[in-house]
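Enquirer: I'd like to ask you about the structure that follows.
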Amino acid sequence: MAANLSDQKAARFEDLYRETYEPVVAYCRRRARSHHEAEEVVSTTFLVAWRRFDDFASAELPLAWLYAVAYRSLSNQRRGWGRRSALKKRLQIEGTGSVQSPDREAEARLEASRAFEALATLSNYDQEIIRLAAFEDLAYEAIGVVVGKSVDAVRSDIFRARQRLRRAFDGGGSGS
Amino acid sequence: MPERDPYEILRDNDPVDLTRVASSRSLEADALLTMITTQGKSPWSRRPLRIALAVAAVFLLVAATWIVYRSVTNVQGVLCYSTVDLDSDRAAVRPEDTLSTQACTSPWEEGVLTNPNVEQGEVPPFVGCVTEEGILAVFPSANASTCASLGLAPFEEGTLESDSSAAIELQDQLVKYFSAGQCRDVDIAAADIGRMLSEAGDAFEGWRIEAHAATSSRPCASFSMDYSNSTLYIIPIPEL
């Protein structure tokens, strides 16, 4: 019976793992300084999910639950990171993948670079909720799960964070 | 013309190229899954597992940038594929006394691996190749160009035979040591492993231990072996 339960747990975990592996890897890569660091956070995140399997499996939004774990793990490592240079570097390396004329492409890259620089001037919390909405494409409810806030609070926070982002983008200074 | 909303610009510029993210069925994903779900158990079973690469898992955890395998250097497991395709079903088996493509005989005999072109229970001819991670990958084929067609290096039967038995034995010891369900202090682990290496005999003469300092978020020791540089790394990992 014990073995049965253990097998069931492993099978259920594997299902959830397969469903969430790719978005979790992408989430970590968007925020980590390097692929190596992203891999560490991915490993830690799923190890925590396995250790707290009951919480993970019963979560209403398992992916958001994993993002929350990764978010905490990354937050612990984030102090002192040179976010701006890392993001700019990655942007240069990976680009957008779109096909445009050389002039338009250069302009778009410059514009994107400015947007990322503006983002980097915001608080870690503001950056996180903007990324969750912009890149992970999460709804307010899921963002609330990640950052531990209510839907209404998240809605309001994102509104304000976007205003600060706009100011930083327009003025080139801190939006906080 | 008014400038675009920077939020919309960000939305259009995901810094991650999703086509470069490993699939949830990739070797990396499989290895991590196995490492996680075999915590506290021996990661190697005599019965072939779907995938069971403890070393690859440790590799993924912490050492990916430190270790470069260029030949058959990882003797902890052999990957047996069901077809000449790196995405096909596969079984990982532990080699016995020698490193050989024949390690893949039992998964075929037992019907763990099947292929429409091979009778159930029959053992096909094998071609051995070497992955970038230094793992022996065995495919059901008699075609000498199989490895080249997959972008892998060919494997020479007999490579590492003299040392593989001692290596397997030491790796068994290490896996057991680190799977005992406790958080091993890095310094104590370095001392214990030093003793294991010296007791392992000639096969590990000249090996050195490189211990990386623990941190508050990574207080426990794990290990990774780099055969090409005769180095055993002690690597701090999070407490599990």
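Here, each number is a calculation from the coordinates, and none is a lab measurement. Source: prediction; values computed, not measured. Neighbour counts run over all protein chains shown; Cβ positions are idealised from the backbone, glycine included.
Enquirer: Might you report the magnitude of the Cβ-based charge dipole of the range A:1-81 about its Cα centre, with Lys and Arg at +1 and Asp and Glu at -1, to the nearest 20 debye?
Expert: Dipole of the range A:1-81, to the nearest 20 debye: 480 debye.
Enquirer: Take every Cα-Cα distance within the range A:1-81, group them into 5 Å bins from 0 onward, and report for each bin the whole-number percent of pairs it holds.
Expert: Reading the bins upward from 0: 3, 15, 27, 22, 14, 10, 5, 2, 1, 0.
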